[in-house]
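Below is one structure, written out as structure tokens, with a few remarks after it.
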Amino acid sequence: MRVNGPLALAFHALFIAFILAPLAIVCVVSFTPLGYISLPTDGLSLRWFGAILDNPRFIRAFWLSLTLGLVSSLIASALAIPAALAISRHRFPGRDAISAFLLSPLMIPSIVLGVAFLRFFSTIRVNGTFGGLVVGHVIIILPFALRLVLAAATGMDPAVERAAVSLGARRWTVFRRVTLPLVLPGIVSGWLLAFITSFDELTMSVFIASPSTTTLPVRMFLHIQDTIDPLVTAVSALLIGGTAVLMWALDRLVGLERLFVGGSRHSG
Amino acid sequence: MARSRAAPYWLTAPALAVYAAFLVVPIASVALLSFHGFEFYGGIQPGLTLKNFRDVFSDSYYWEVFGRTFFVAVVVTAICAVLGTFEAIVLQRMGNPWKSVFLLVVLGPLLISVVVRTLGWALLFGSTGLVNKALLALRVVREPVAFMYSVTGVVIALTHVLVPFVVISVWASLQRLDPAVERAAVSLGATQPTVLRRIIVPLAMPGILSGSVIVFALAASAFATPAIIGGRRLKVIATAAYDEFLNTLNWPLGACLAVLLLVANVAFLYASNRMIERRWQAVFRESAA
């Protein structure tokens, strides 16, 4: 009872193979010693990982994406934390409308946000700037940060705060010593998810990035549109490895499944 | 908690101000743009017109694009719903540590850039041809199948990108399922397939539906996967809008496509969420109690 039969396990094996196959092939191909896409049948080589270092365009795009992810996820969290605390702990007119509005970018296709920002930024002449990218990314990732802080703050027992007050704690002390530590896992995981979402974002950025502000996903996308070579597979293999490490950390921190419940945006 | 009545408004004000300036205004400006005319030599024309919408709806090319987008989204959603539901049920029945390991394997790819995941499929379909080699070796097909630049290829890669959303959503609703219900059914003589069909799937239905809604919305507006696997000729709405903005430079027409996608997406999400809530209210109330 409640044990998988052989048929279920066979399905499971195929499903996992389906999930892992494209990631595995990227990693395998990146070790090819040859100058074109091929399975490394005779010998492995780190040649293409070395080639990344000689390719300033990928290096620059990586640093740009990293900076962009850090800046925009910090801004998004700074905006989302007070809003989430207000929504979860107060009852006020317009509360549902405000919460729905702040989550609304999740309902807007990234491509629509991309053209909207392209049009808007061109009009005010900031298109292709780093500032423009930050603004666009903040809008796209804020709902993720908001949702995770909301979940943490809603699950909090208000009696704990009242207890602190009754014991003579001042409001700021209550916030710093009681409220903040209790919602901290939500804040940290929300910030991390926001960072990853920004770091991976392609569809919106492809519209508002300029040659001097090309993010890593955009650089890779443009490269793939042009040619698929072992260089781009080596970059991808590094990203897969980095994400695996982050994923392990996130799973330790909150449990990966809790991060995604309720739907998310990583549109194909 | 004794707090001033204005506090929640002050706390939400910064986020609301940012949204007003950088979400409402850009969306409104692109909506407005879709009502402007366009001349190849004169650029964007002053004066409002419905010409773009008339052009789009009277051109068989765009109907083909709409049809393809819708077809891909429906097929991807159906496949994701079936595969994702079964996988969630299998995962639910596993013991630890396998359960958490495989949950990580299934959900992890959501954190990896969609460009990387699609590149993997491009390698499997095209450059290495591994999928065709496997199919030929297993004698599933007689001749190599053209996956690259085909709807089949787009559907397979998009299914891979989006199926975790169904797994996680079904998995969440299975967590609320009381194992006693299943045991009761078995003790009354139900076979495993009957338990699955009559007990588990109906109780997981809210999860299956909400996961499918997310998958459909994301599949219909997908950009990277159709652009890489579908190539330049196999357009969907998102890649067609990209073309108008960055290649043809007919921004008003691209804005028109984007507005149509936005309206369809929001209407679909709103309608389906209301439908699910109304239909499954009883289930939600029960599980909340």
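The values are calculated or read from the model by the stated rules, or taken from the named source; none is laboratory data. What you see is a predicted model, and the numbers here were worked out from it, not measured in a lab. With ideal geometry, Cβ positions are generated from the backbone for all residues, glycine too; neighbour counts draw on all protein chains shown.
A few remarks follow.
- Test: residue in the stretch B:275-287 that is within 12 Å of chain A (Cβ to nearest Cβ) and of a type in the set (D, E, K, R): no
- Condition met for B:GLY231 (within 12 Å of chain A (Cβ to nearest Cβ) and at pLDDT below 90): yes
- Residue tally, condition hydrophobic (A, V, I, L, M, F, W, C), assigned to a helix (DSSP H, G or I) and within 9 Å of chain B (Cβ to nearest Cβ), over the stretch A:219-241: 8
- Those residues of the stretch B:111-141 which are β-branched (Val, Ile, Thr) and buried (at least 16 other Cβ atoms within 10 Å of the Cβ), in sequence order: B:ILE112, B:VAL114, B:VAL115, B:VAL116, B:THR118, B:THR128, B:VAL131
- In a residue-by-residue description of the stretch B:70-88, the property of being more than 30 Å from A:GLU257 (Cβ to Cβ), surrounded by 20 or more Cβ atoms within 10 Å (Cβ to Cβ) and not hydroxyl-bearing (Ser, Thr, Tyr) applies to no position.
- Sub-8 Å Cβ pairs linking a first residue in the stretch B:7-28 that is modelled with pLDDT under 95 to a second residue that is outside any helix (DSSP H, G or I), at least 6 apart or interchain, are B:ALA7/A:HIS90; B:PRO8/A:HIS90; B:PRO8/A:PHE92; B:TYR9/A:PHE92, ordered by first then second residue.
- Any hit, the stretch A:158-180, residues being aliphatic (A, V, I, L, M), touching a Ser or Thr at 6+ places or on another chain (Cβ under 9 Å) and more than 25 Å from B:PRO109 (Cα to Cα): yes
- Residue check for B:ILE237: modelled with pLDDT of 90 or more, within 10 Å of chain A (Cβ to nearest Cβ), closer than 24 Å to B:SER127 by Cα and more than 13 Å from the chain's Cα centre (by Cα): no
- Residue within the stretch A:142-155 that is modelled with pLDDT under 95 and in contact with a Pro (Cβ under 7 Å, 6 or more places away or on another chain) present: yes
- Some residue of the stretch A:201-210 being part of a helix (DSSP H, G or I), more than 10 Å from every other protein chain (Cβ to nearest Cβ) and crowded, with 23+ Cβ neighbours inside 10 Å: yes
- Residue within the stretch A:241-249 that is modelled with pLDDT of 95 or more, closer than 30 Å to A:LEU34 by Cβ and crowded, with 22+ Cβ neighbours inside 10 Å present: no
- Beta carbons closer than 7 Å, at least 6 apart along the sequence or on distinct chains, pair a first residue in the stretch A:1-27 that is facing chain B (nearest Cβ under 7 Å) and within 16 Å of B:LEU196 (Cα to Cα) with a second that is β-branched (Val, Ile, Thr) and surrounded by fewer than 18 Cβ atoms within 10 Å (Cβ to Cβ) for A:MET1/B:VAL186.
- Considering the stretch A:89-131, the residues that are more than 10 Å from chain B (Cβ to nearest Cβ) and in a helix (DSSP H, G or I) include one that is nearest to the chain's Cα centre (by Cα), namely A:LEU103.
- Helices (runs of 4 or more DSSP H) wholly inside the stretch B:1-66 that include at least 1 residues being more than 10 Å from chain A (Cβ to nearest Cβ): B:51-58
- Any hit, the stretch B:35-54, residues being within 18 Å of B:ILE237 (Cβ to Cβ), hydrophobic (A, V, I, L, M, F, W, C) and out of contact with any strand residue (DSSP E or B) (no Cβ under 9 Å at 6 or more places or on another chain): yes
- Qualifying residue in the stretch B:121-132 (condition: at the interface with chain A (Cβ under 7 Å from one of its Cβ atoms), in contact (Cβ under 8 Å) with a residue 40 or more places away in the chain, in a helix (DSSP H, G or I) and touching a Pro at 6+ places or on another chain (Cβ under 7 Å)): yes
- Take the conditions (1) over 30 Å from A:THR179 (Cα atoms); (2) modelled with pLDDT of 95 or more; A:VAL71 misses just one of them, which is (1).
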